[in-house]
Each structure stands twice: as C-alpha cells, then as structure tokens.
Amino acid sequence: MIENATRLPDRPAPRLLAVSKTRDADAVAAMAAAGQRAFGENYVQEALPKIEALRGLDLEWHLIGHLQSNKADAAARAFDWVQTVDRAKLVEALARHRPAGLPPLNVLIQVNIDDEAGKHGCRPEEVESLAAAIAAQPALRLRGLMAIPAPEPDMARRRAAFRAMSALFDATAARHPGLDMLSMGMSEDYVEAIEEGATMVRIGSALFGAREARQTG
C-alpha cells in the first residue's frame, strides 16, 4: 500500500502504523498474523486489555490519542511509543513513571500545525523547548514529531500543512540528531503525507475496514 507513494529521497522508507482503536484483540491478532507489528491506540484504558492479551506476540504499541497527566503512569508502563506529548508536565510524568527495566520510551511531540482551535498539540514555536526537555530525560527517547492536520477538503491546503511539518521536522532534527520519525497522514491522505516527507503513516479503516456504527436504543 504505502510502497506506491513517492517518498522524499532524504527520508527513510515510511512505516505503517495500524490504528487498532475500537478493534478487539482478535482483529489485532489477525493483522499481526499477516505480518503487521506496530499498532496505534487512542485510549489508555481501552488499550491495556489488548496489550495484555497479546503480550506473547511481541507487538509494538503506540499511544496516538491525547494523554491526560493522570494516565501517564499507565501509559509509561504499557506503551512502547507515545506520539502525543505536547506539554512539559507530560514529559516529566512519563519520565518519572517509565520503569527502569524497560528501554527508554519513544516519544513524539504533537504539533498543532494549523493552529486549529480546540485541537491538542503544541505550537510550532514551542517544539524546541519540549525537545530539549525530552532529550534531558534518560527514561525517554525523542524520535520526532506528529501532527493531525485539519481535514481540509482542499488537498492543496492539507499538503501545505504536511510541508510545514516537514520543514519543522528538519529544523528540529538539525538540533537533535537521531530524529527519524515524522508521523502524519491517515487513510485518506497518506500518499500526500509521504510525498511531503512523512516517515510514519497511521492507517485504520483502509486496513481493518470501516467501523460499525454504534447501535442505540
């Protein structure tokens, strides 16, 4: 799927993150049997039973939803990656709760690249201070940036957001060598995201199929 997109020549081949939120452990296990290893979850409490049930499969778990500080303890213990770090308080909480026996927690800084009202993520000008704070924590490993651009129907405007994230990633990587992950792009725009520099795309419905509507009544 992602092999059909043209990546930038100076970026590594993009990784596929299967978004498994709302999917049960059996669906994740079936996807793992097909060769997928990395899975993304939105909610800590929803993810924990799946992570425990599938522990023997040696999967890689990413938290891609907003993380409240009071859930940092559980997230730091259960996940391999947290892609939504957007404030210093969260950096400190994750570092404090990451168990010493585990490898450093991989961290991405979430950026509100469109300055979209009500959306989580730091402002672009706040990235450097957060990057420095993360780099100072031995229990954490800064890997890059993450964004969820506004769902613009005009793909040219969405590309502009991806391009701005790519430039911000390059500027951050110049100050923090070793950054390799720019997480952006989903089922409807992953090709454009890769063409503008994404090194990880988060795909849910294109892999698992459309989610069933919740029944009411």
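The values are calculated or read from the model by the stated rules, or taken from the named source; none is laboratory data. Keep in mind it's a predicted model, so treat the numbers as computed, not measured. Virtual Cβ from ideal backbone geometry, glycine too; neighbours counted across all protein chains shown. We work out accessible area using only protein heavy atoms, side chains counted, and drop any ligands, DNA or RNA first. Shrake-Rupley method; radii C 1.70, N 1.55, O 1.52, S 1.80 Å.
Computed over protein heavy atoms with a 1.4 Å probe, the carbon and sulfur contribution to the accessible area of the chain reaches 51%.
FRET efficiency for residue 16 and residue 80, Cβ-Cβ distance as r, R0 = 22 Å, nearest 0.05? Could you put the intermediate results ahead of the total?
On the way: r = 15 Å, r/R0 = 0.70.
The pair residue 16/residue 80 has a calculated efficiency of 0.90.
Can you tell me the FRET efficiency between residue 92 and residue 25 if r is taken as the Cβ-Cβ distance and R0 is 25 Å, rounded to the nearest 0.05?
About 0.20, to the nearest 0.05.
Within the straight-line cut-off of under 18 Å between alpha carbons, the aspartates and glutamates reachable from residue 50 are 24, 26, 41, 58, 60, 73, 80, sequence neighbours fewer than 8 places apart in one chain being disregarded.
Taking N as the number of residues in the chain, what value does Rg over Cα atoms divided by 2.2 N^0.38 Å take? Before the final figure, lay out the partial values.
Details: Rg = 16.7 Å, N = 217, 2.2 N^0.38 = 17.0 Å.
For the chain, the normalised Cα radius of gyration comes out at 0.98.
Accessible surface calculations at 1.4 Å, restricted to protein heavy atoms, place the chain at 48 Å² per residue. Working from Cα pairs under 8 Å separated by at least six residues, relative contact order for the chain is 21 percent. Working note: Karplus 6.51/-1.76/1.60 with θ = phi - 60° gives the stretch 72-87 the couplings 5, 4, 5, 5, 5, 7, 9, 9, 8, 9, 10, 9, 10, 7, 9, 7 Hz, where Gly and Pro are set to x. Picking from 65, 35, 144, which is most flexible by a Gaussian network model of the chain using Cα springs under 10 Å? Maximum among the listed residues: 35.
The mean sequence distance of close C-alpha pairs (under 8 Å, at least 6 residues apart), as a share of the length of the stretch 52-173, puts its relative contact order at 22 percent.
For residue 109, the residues whose modelled amide H falls within less than 5 Å of its own, excluding neighbours fewer than 5 places apart on the same chain, are 144, 145, 146.
Estimated at the nearest 10 Å², the accessible area of residue 7 is 110 Å² with a 1.4 Å probe. Cα-based values for the stretch 28-121, radius of gyration first and Dmax second, are 13.8, 41 Å.
Work out the P(r) tail for the stretch 104-217: percent of alpha carbon pairs separated by more than 25 Å, whole number. Don't skip to the answer; put the middle values down first.
On the way: 1747 of 6441 pairs.
Of all Cα-Cα pairs in the stretch 104-217, 27 percent lie more than 25 Å apart.
Between 20, 59, 32, the Cα set farthest toward the positive side of the dipole of the chain (charges on each charged residue's Cβ, about the Cα centre) is that of 59. When the inverse distances between all different Cα atoms of the stretch 85-154 are averaged and flipped, the Kirkwood radius reads 12.8 angstrom.
Between residue 180 and residue 66, 0.36 nm times their residue separation minus their Cα-Cα distance comes to what? Intermediate results must be reported in sequence, preceding the final value.
Numbers: separation 114, 0.36 × 114 = 41.04 nm, distance 2.18 nm.
Here the segment from residue 180 to residue 66 would lengthen by 38.9 nm.
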